[in-house]
Amino acid sequence: MKFINWAEAPTLRKVVCRHADAEKYVVTNVLTPGKDYEVKNETDEFVFIIDNSGKVGGYYKRYFE
């Protein structure tokens, strides 16, 4: 279970949040537009970052640059 160690894993790259306007989910509490986030893992559709709560969360790539 590799996802258990993602918080301690080396950062792959950094991304900047473009917006936090989600259609279905509330992401305004954990994402701040204009802030840099460290990418811990990535798939075709999602990026896994350490968000404002300090935990690793998975978000759609469309929120980031």
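The values are calculated or read from the model by the stated rules, or taken from the named source; none is laboratory data. None of the values given here were measured: they were computed from a predicted structure. Note that we place each Cβ from the backbone using ideal geometry, even for glycine, and neighbour counts take in every protein chain shown. SASA here: full protein model, heavy atoms, side chains in, ligands and nucleic acids out. Shrake-Rupley method; radii C 1.70, N 1.55, O 1.52, S 1.80 Å.
Quick check on segment 49-63. Is at least one of its residues among the aromatic types (Phe, Trp, Tyr) and exposed (fewer than 12 other Cβ atoms within 10 Å of the Cβ)? No, segment 49-63 has no match at all. Of the candidates VAL26, VAL47, the single residue that is among the hydrophobic types (A, V, I, L, M, F, W, C) and part of a loop (DSSP other than H, G, I, E, B) is VAL26. When VAL15, VAL30 are checked against the criterion of being hydrophobic (A, V, I, L, M, F, W, C), modelled with pLDDT of 95 or more and open to solvent by less than 50 Å² (accessible area, probe 1.4 Å), a single residue qualifies: VAL15. The residues in segment 45-64 that are among the small types (Gly, Ala, Ser) and under 8 Å from the mean Cα position of the chain (by Cα) can be counted, and the count is 2.
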